[in-house]
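Down below is the structure, laid out as structure tokens.
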Amino acid sequence: MTLKLLVLSSLALLTNAHMAAYHKSMYCFNGTVAGQVNYNNDDPVSPLWMLKQSDYWFHHVNQCDDFPPAPGDFLELPAGSSFTVEIAANRGVTSLSFNGQFATEWGDGGNHPEDYSITNLAGAPLTDSGCIGNPNFHTQNQSMAAGTAFAISYESDISKVTMDNLAVFTVRYNTPWKRVTSYDVPKNMPACPADGCTCAWVWIPNGCGEPNIYMQGFKCMVTGATSTTPIATPKPPVWCEDDQSKCVQGAKQILIWNQAEGNNIAVTGYDLSNHPKSPAYNSKCGFQDGAQNDIFGSSTSAATAAAVVSSPSATVSSTSSAALSSSSTSVVSSYSPPASSPVVSPYSSPVSSPASSPIVSPYPPPASPPVTSTSASASMAPIPSCKTSTSTVYSTSTVLPSAATPPTSDYHSTSQTVANLVATSVSSSASVTPTSPGTCRKRMVHKPVRRRFHFK
């Protein structure tokens, strides 16, 4: 049996490994240990739930935001076109490690049917909540995948990015699904500052486990810009599935939900499919599929855009806790024609861009934590604690490497062996969470741990 088959056989045992978007421009691309390159990096995939703002913001919970990409590595965003990332459970099963030898169409390095679903698993496992287990994209089929998005801030310094200057600019419905995923860029995206913009990949699963969120950072650069109209100050989205006229129009913030602080949306009850409401990057919260073409301010605001984006409001530091920035006056959305003169970023000096290259797990919704945003706030009673028990299963597989396999850094060991493949596993904690005083319900909590595959 070949090395690849052995590794994929081992990876098939991985259940509940979560997902992240991989690209060389991402923060903690090489892991979170200084001076080491982890070709099996899974640091960005862990979900974010009930964390302080300073911890969930750009995945600071494990210092992912402290490890920027290499100088000059940008996620290029071609205005009016599209860009591609790889959504996977581990860098080792992407084209970005081991010359792509462990990469398949799917983000777990496995092979699955084209019509993959809980009724056509082809031997793959189900999660305890009755959803697809490998990869763990929290869904029962592609049509029910909640949707993922990218947001952009025209701040080059990640520590200066706030909810008031980070706007969703593209959405892809029915993702995460396959590994290679493309997103559309609005035609009127203005150029970034010379040092680039800061982008975030975000996702909120629709049930099938713990109701958490995902957020990770990228250095990004708009290419081929022909407009100088800035993005308007984003506003918090609202639940509007039942009445689309209630949806927030124009630029929208990313969704912060079920965190200890900083939430900007709260939902109760059931959606139109009679499942517990779960905010998502789709029409339920007013996001259209593809480029978000309504996010721009009026052309007359271009001269003052830098002041709006860089207003002296509180920022979220990558290393310390901070409050959400104070609310700014929203700019009315409109479109402007392409400029005929050389394009200048409305946020800074001229840019020298780099070369362009239907059943959901029926668990009841948890009690909503406090909601705080720049335009609305709400408070909820604290959630009483309930008993929790946890069990974790570890397994080790040993395979033979090929001579061409590159060395891999194991940042959990002081001694490095050749081609250690570290993949993602989790412990499944059976816990109960109250839905009302004195009443608790069962919920599966997935917490990442590590599984190591040893090559000798």
Return the subset of 52/178; 246/284; 160/235; 24/252 for which the Cα-Cα distance in this structure is over 21 Å, preserving the input order. 52/178; 24/252
How far, in nm, would the chain grow between residue 120 and residue 194 when pulled straight, counting 0.36 nm per residue and subtracting the alpha carbon separation? 21.7 nm
Estimated D of region 150-305 in µm² per second, where Rh is the Kirkwood radius over Cα pairs and Stokes-Einstein applies at 20 °C, 1.002 mPa s: 131 µm²/s
Which Rg and Dmax, in Å, describe the Cα atoms of region 129-213? 15.3, 48
Treating each Cα of region 234-278 as an identical point scatterer and ignoring solvent, apply the Debye formula and state log10 I(q)/I(0) at q = 0.24, 0.27, 0.34 Å⁻¹. -0.95, -1.07, -1.20
With point charges of +1 on the Cβ of Lys and Arg and -1 on the Cβ of Asp and Glu, referenced to the Cα centre of region 58-190, which listed residue (61, 159, 88) lies farthest in the positive direction of the dipole? 88
What FRET efficiency do you get for residue 243 and residue 37 if R0 is 45 Å and r is their Cβ-Cβ distance, rounded to the nearest 0.05? 0.35
Would you rank 245, 153 by solvent-accessible area, highest first, keeping every protein chain in place and using a 1.4 Å probe? 245, 153
Per residue, how big is the convex hull of region 144-184 when only Cα atoms are used? Give it in Å³. 91 Å³
Computed D for region 60-127, Stokes-Einstein, Kirkwood radius over alpha-carbon pairs, 25 °C, 0.890 mPa s, to the nearest µm² per second, is 163 µm²/s
Residues whose built amide H sits under 5 Å from the amide H of residue 169, excluding neighbours closer than 5 in sequence, are 150, 151, 152
Treating each Cα of region 61-177 as an identical point scatterer and ignoring solvent, apply the Debye formula and state log10 I(q)/I(0) at q = 0.12, 0.14, 0.21 Å⁻¹. -0.60, -0.80, -1.29
If you scale each eigenvalue of the Cα gyration tensor by 5 and take the root, what three semi-axes come out for region 27-78, rounded to whole angstrom and sorted largest first? 20, 15, 10
Under the Kirkwood approximation for Rh and a Cα-based Rg, what ratio Rg/Rh is obtained for region 7-124? 1.00
Translational D in µm²/s for region 175-243 (Stokes-Einstein at 10 °C, 1.306 mPa s, Kirkwood Rh from C-alpha pairs): 104 µm²/s
Assuming 0.36 nm per residue, please report the length gained on full extension of the stretch residue 283 to residue 270 beyond their Cα-Cα distance. 3.1 nm
Take the eigenvalues of the Cα gyration tensor for region 108-168, scale each by 5, and report the square roots as semi-axes in whole Å, largest first. 36, 11, 11
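The values are calculated or read from the model by the stated rules, or taken from the named source; none is laboratory data. As the structure is a computational prediction, the values presented were derived from the model and not from experiment. Ideal geometry is used to build each Cβ from the backbone, glycine not excepted, and the neighbour counts take in all protein chains shown. For the accessible areas, the whole protein counts, side chains as well, though only heavy atoms, and no ligand, DNA or RNA atoms are used. Shrake-Rupley method; radii C 1.70, N 1.55, O 1.52, S 1.80 Å.
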